[in-house]
1. For the structure I just gave you, tell me whether B:ASN95 is open to solvent by 20 Å² or more (accessible area, probe 1.4 Å), under 27 Å from A:GLU378 (Cα atoms) and touching a Gly at 6+ places or on another chain (Cβ under 9 Å).
2. Output the residues belonging to segment A:402-429 that are among the basic types (Lys, Arg) and facing chain B (nearest Cβ under 7 Å).
3. Of the conditions (1) open to solvent by 30 Å² or more (accessible area, probe 1.4 Å); (2) closer than 16 Å to B:LEU5 by Cα; (3) within 14 Å of chain A (Cβ to nearest Cβ), B:PRO141 clears all except one; give me its number.
4. Residues that are small (Gly, Ala, Ser): find the strands (runs of 3 or more DSSP E) completely inside segment A:136-241 holding 1 or more of those.
5. Criterion first (of a type in the set (A, V, I, L, M) and open to solvent by 50 Å² or more (accessible area, probe 1.4 Å)) does B:LEU103 satisfy it?
6. Output the qualifying pairs, or none if there are none: Cβ atoms under 9 angstrom, residues six or more apart or on different chains, first residue in segment A:388-401 and within 14 Å of chain B (Cβ to nearest Cβ) and closer than 11 Å to A:ILE347 by Cβ, second residue part of a helix (DSSP H, G or I) and not hydroxyl-bearing (Ser, Thr, Tyr).
7. Do we find that A:SER43 is within 28 Å of the chain's Cα centre (by Cα) and either open to solvent by 60 Å² or more (accessible area, probe 1.4 Å) or β-branched (Val, Ile, Thr) (or both) in this structure?
8. Is it fair to say A:LEU184 is crowded, with 22+ Cβ neighbours inside 10 Å and of a type outside the set (Lys, Arg)?
Amino acid sequence: MFQPQWEAMSREKLEAVQVERLNAVLSKVHERVPLYRSRFDESGVRPQVATLDDVTSLPFTVKDDLRSQYPYGMFAVPRRDIVRVHASSGTTGQITVVGYTRTDIDNWADLMARTFASAGATPDDVVQVAYGYGLFTGGLGAHYGSERLGALTVPISGGNTKRQVQVLQDFGTTILACTPSYSLLLAETAEEMGVDITSLPLRAGVFGAEPWSENMRTQIEQKLSITAIDIYGLSEVLGPGVASECSEQHGLHVNEDHFLIEIVDPETLRPVEDGTYGEVVFTTLTKEGIPVIRYRTRDISRIIPGECPCGRVFRRMERVSGRTDDMLIIRGVNVFPSQIEQVLTGIEGVAPHYQVILGRKGSMDTVEVHVEVAPDTEFDEIRELEEMQRRVRSEIESALAVSIGVRLVEPRSIERSEGKARRVIDQRGDA
Amino acid sequence: MIEQLSVFLENQPGRLAQACRTLGNADINMRALMVADTEQFGVVRIICDRPNSAKEALEDAGFGVSVTGVYAVETPDRPGGLADVLEALGAASINVEYAYCFLEPGENAAVNVLKIDEGDARVVLEASGFRVLRPAELYEPDTES
C-alpha cells in the first residue's frame, strides 16, 4: 500500500472523515458555484449533512450540467488558483472542461501512486505510460502517479505501436499503462515484428479508460504473460485514480477518503443495497477545482459486499459492466456492447474483435455484428465456419435477448484503435 | 498427402484478385484453384508451388489461411474416370467431403483432388489400382514429407 494510513484505516474513522470532508465541500460549492447554490436553494436543501445517509437528499449532477457551464462555470476557486485543465473526449458533442488546483494535482498523484502500488509496482519498476498525453486525463494522470511512487516513468503516450514494442524491449518495461484493447494491439504488433512479448520483463498492466470483460483479461494475461489490473476513473470526478483493483483482482477499491460512492437505481434514482447493480454516483470529498456533488456517471456497476483479504478498508465496486451512454436501444431492448465481447471471448475460432452495425429496414432496427475469425482457425470446411457463425449468432442473441445477424470477417480486418475501440456504427440516422 | 491452401475470403469485389496477386508477387505458381462460397464468405482452395511460403505470403497480406491435407488421384481422361474412384471409396464406406478435378495438359490424364476425413483412403485407392500422386508430382514442395 502506498498510503496505509488511509487505505487501511478503520471504517469508523473513514466515515467520520467522509462526513467532515463532505460538509466542507458542500459549504464551498454552495458559496462559490452558482449552479449548486441555485439548485440547493431551489430544492430547499441545506448544504450540510449529519450522517452519510443524508447525502441522498442532495440533488444530482449530470454531464449536461458540466456542459452548460462550459468552460469555467463549475470552478469552485478563482481561476488563478487553477493550474491545469483537462477535457473529456466529447464523444457526444461538446467537450467538458475540468480544472485542477495545485492541491488537486498533488492528491491525484497520490491516488495514482496508490493505483500503481496496488498493481504491485514499486520504485524499482519501469512504467511505460501509453495512455494519450494531453487533454485526456489518462496520460498525465498515470504519469504523475508513477513518478510519485518513484518508478522510472516512460512518457511514451499513445500511438506508434512499433516504437512502443521497441521501447518495451529496450527499456526493460515492467508495468504497462494503457487501454486494454491497446495492449492486445501491442501483443499482435510484437508478434508481427517477431518479438516474443512473453519473454520480456513486462509483468503487469494497469488498464482502464474503456469497458472490457473478464474474458478479455484472461486473453491479455495469456498473450502478454502479465497480471492485468483494472482501474477506473473519469475526468468529471478526477481522471484515473478513482478506483483500482488490488492483487486479488476481485473488484476495484474506491478511494473512499476522496470520493463518496453511491449506487442508485437508474430509473428511480433511489440507492440500492450493496451487491445490487445500478448507476454509479460519485461525490468528490477533496477536489478543489471542480468538486462534484452526486455526479451520475452513467456507468453500471455494484458494490461487492464484504471485506477484501488485501487489508484495504475501501469498498470495492465491480468491473463496470455497461454504460448507460453506450447503451444501445435496439427494438426497445437495452443492449450493452460489452455483452457481445463477453460472448465472443468464450467461443473458439473467433477473435474478440467485433463491430456492431445498426441499420434500419422500414421501421425495424437491424443489427449486424461483424466478427473476426481467429487467424489460426481451420478455414477449409465451410460447414464448420457456418456452424461457428450460427453459434456466435445464437449465443449473442441469447445474451442480448435481441435477434441479430452475424457476418464473419477476415482476421485483423476490423480497424484497431490506438485509443478507445470503435465498437458501434449506427447508420440508423443515415437512411 | 497433398498440401492444399484454404483461404478465408469475405465476399467482396476484388478480394480474390488480391489473394492471387499476392501469390503472383511472391512468385508462386498455382496448379489448381476452387472457390466454395456461401452468401457471406467464401473459402478458396488452392494447390500451388511452395505451399508453406504461399501461406506465409498470404498471411502477411492479411488473409486467413490454413493448410489442409488432401488426396490427389490420377485417372485416365475418359468418361467414368472419377466415378470409378468414388465407387471404390464408397465400397469401402469412405466418405468424401469434397472433390474437384483438373486436367494434366497433354498427358491425357485427370487429377482428382479429394478431401477425406476418415479411413485410410490411400490403401483403398492403391488396392483398387489407382495412382495416388505424391506432392512432388504436382507442385514444388517446401517441407520434407
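1. Numbers: open to solvent by 20 Å² or more (accessible area, probe 1.4 Å): yes; under 27 Å from A:GLU378 (Cα atoms): yes; touching a Gly at 6+ places or on another chain (Cβ under 9 Å): yes.
Spelling it out, B:ASN95 is indeed open to solvent by 20 Å² or more (accessible area, probe 1.4 Å), under 27 Å from A:GLU378 (Cα atoms) and touching a Gly at 6+ places or on another chain (Cβ under 9 Å).
2. Taking segment A:402-429 as the starting set, the residues that turn out to be among the basic types (Lys, Arg) are A:407, A:412, A:416, A:420, A:422-423, A:428.
Across segment A:402-429, the qualifying residues are A:ARG407, A:ARG412.
3. The number of the failed condition is (3).
4. Numbers: elements: A:152-154, A:175-178, A:204-207, A:227-234.
In segment A:136-241, A:175-178, A:204-207, A:227-234 are the strands (runs of 3 or more DSSP E) which contain 1 or more residues that are small (Gly, Ala, Ser).
5. Numbers: of a type in the set (A, V, I, L, M): yes; open to solvent by 50 Å² or more (accessible area, probe 1.4 Å): yes.
In short, yes.
6. So the pair list comes out as A:VAL392/A:VAL343; A:VAL392/A:LEU344.
7. Details: within 28 Å of the chain's Cα centre (by Cα): no; either open to solvent by 60 Å² or more (accessible area, probe 1.4 Å) or β-branched (Val, Ile, Thr) (or both): yes.
Spelling it out, it is not the case that A:SER43 is within 28 Å of the chain's Cα centre (by Cα) and either open to solvent by 60 Å² or more (accessible area, probe 1.4 Å) or β-branched (Val, Ile, Thr) (or both).
8. Numbers: crowded, with 22+ Cβ neighbours inside 10 Å: no; of a type outside the set (Lys, Arg): yes.
In short, no.
The values are calculated or read from the model by the stated rules, or taken from the named source; none is laboratory data. These numbers come from a predicted model, not from an experiment. Here the Cβ is made from the backbone with ideal geometry for all residues, glycine too, and neighbour counts use every protein chain on show. With ligands, DNA and RNA removed, areas are computed over all heavy atoms of the protein, side chains included. Shrake-Rupley method; radii C 1.70, N 1.55, O 1.52, S 1.80 Å.
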